[in-house]
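Below: the structure, in C-alpha cells.
The numbers here are math on the coordinates, done by the rules we state, and not lab data. No experiment lies behind these values; they were computed from the predicted model shown. Positions of Cβ are backbone-derived with ideal geometry, glycine not excepted, and every protein chain shown enters the neighbour counts.
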Amino acid sequence: MKKVLDVLVKVETLLASFILVLLIGSTFFGVIMRYCFSNPFTWEEEFQLACMVWISYLAAPIAFHTKSHVAIEILVDLLPKKMQRMMEMVIFVLFYGIMIYFFLHCFSYLEVLSRTGRRTPILMIPYTWIYGIGPVSIVLMLISFTYMTYEKFRNEYSEEKGEVASK
C-alpha cells in the first residue's frame, strides 16, 4: 500500500509541477507581451485561474501524504494517552465527515456547472474541467489520511506489545 501511495504522490507532484511550469511560463510571456509589445494575452487570466485551481487541489493530498499540512496538536499532547487516542478517533471521524460532505457537494456543484454549460468566456473551457479535480483531490486526501492513521495506530499497537513495527 505504501508503494502505491508513493507512486500516487509522485504522479500528483509531477502533474502539479508541470502545471506550475505552465503557469509561470504563461505569466512570464504574458508580461513580455503586455509591456514590451503592448499586445497582452486576453486568455491569460482564465488560464492562470485554471492552473492555480489545479495546483491547489493537487497540492492538498501531497501535503497530507508528506505530513506538511497544518496540525495543532499541543492540546491533544497535553492529554493522557487514552484521551489522546480518543481525540484522534474523534478527529478521524470529523475529518471523514467533512471530506465526505465536501465530496458530495463538489458533485452537486459540478452537476450545476455541467447542466448550465458554463464555460470560460475566452478559451471556452468548461468549468467542470477546471473544478473537476476537486472530488479527485478529496479521494486522494482520504486515502492518504486513512493510511497515515492506520500506520500510526499499528505502530502504537506494536510498541505497546513490545514489538517493532515493520514498514
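Going by amide H atoms built from the backbone, whose H comes under 5 Å of the H on Ile125, apart from near neighbours?
Those lying under 5 Å, H to H, from Ile125 are Thr120.
Please report how far the C-alpha centroid of the stretch 12-86 lies from that of the stretch 110-149, rounded to the nearest whole angstrom.
15 Å
Taking the Cα centre of the stretch 42-167 as the origin and placing charges on Cβ (Lys, Arg +1; Asp, Glu -1), which of Gly132, Tyr57, Val93 is farthest toward the positive end of the dipole?
Of Gly132, Tyr57, Val93, it is Val93.
Report the net charge of residues surrounding Pro135, where surrounding means a beta-carbon distance below 15 angstrom and charges are Lys +1, Arg +1, Asp -1, Glu -1.
So the surrounding residues net to -2.
Based on other C-beta atoms within 10 Å, arrange His65, His105 from fewest to most. Write down the numbers at each step before the final one.
Numbers: His65 22, His105 12.
Ranked by crowding around the Cβ, least crowded first: His105, His65.
Return the calculated 222 nm mean residue ellipticity for the chain, to the nearest 500 deg cm²/dmol, obtained by summing -39500 (n - 2.57) across DSSP H runs with n ≥ 4 and dividing by the residue count.
Here the helix-only value at 222 nm equals -27500 deg cm²/dmol.
How far apart, in nanometres, would the label points at Ala59 and Glu45 be if each is projected 7 angstrom from Cα along the Cα-to-Cβ direction?
Between Ala59 and Glu45, the simple spin-label model gives 2.2 nm.
How far is it, in nm, from the label point at Lys81 to the one at Ile122 when both lie 7 Å from their Cα along the line to the Cβ?
6.1 nm
Would you count, across the stretch 1-146, every pair of lysines whose alpha carbons are under 24 angstrom apart, provided the pair is eight or more residues apart or spans two chains?
6
What's the extension gain from Lys152 to Met1 if we count 0.36 nm per residue and subtract their Cα-Cα distance?
52.9 nm
Is the shape of the stretch 97-163 best called rounded, prolate or oblate, per the rule: a/c under 1.5 gives rounded, else a/b larger than b/c gives prolate, else oblate, with a ≥ b ≥ c the square roots of the Cα gyration tensor eigenvalues?
Note, shape of the stretch 97-163 comes out prolate.
List the GluC sites (Glu not before Pro) within the stretch 1-85 that fall in a DSSP loop (any state other than H, G, I, E or B) and whose Cβ has at most 16 other Cβ atoms within 10 Å.
Qualifying residues, ordered by number: Glu73.
Sorted from largest to smallest, which semi-axis lengths in Å does the alpha carbon gyration tensor of the chain give for its equivalent ellipsoid, taking the root of 5 times each eigenvalue?
40, 19, 14
Which value in nm describes the separation of the simple spin-label points at Ser38 and Ser114, placed 7 Å from the Cα toward the beta carbon?
Here the modelled spin labels are 4.7 nm apart.
Compute, for the stretch 2-160, the length of the dipole vector about the Cα centre, with Cβ point charges of +1 (Lys, Arg) and -1 (Asp, Glu) only. Units Debye, rounded to 20. List each step's numbers first, then the result.
Numbers: 13 positive and 13 negative charges, 43 e Å.
The dipole of the stretch 2-160 has a size of about 200 debye.
Rounded to the nearest 0.05, what FRET efficiency do Ala71 and Val31 give with R0 = 35 Å and r taken as the Cβ-Cβ distance? Could you check?
It comes out at approximately 0.40.
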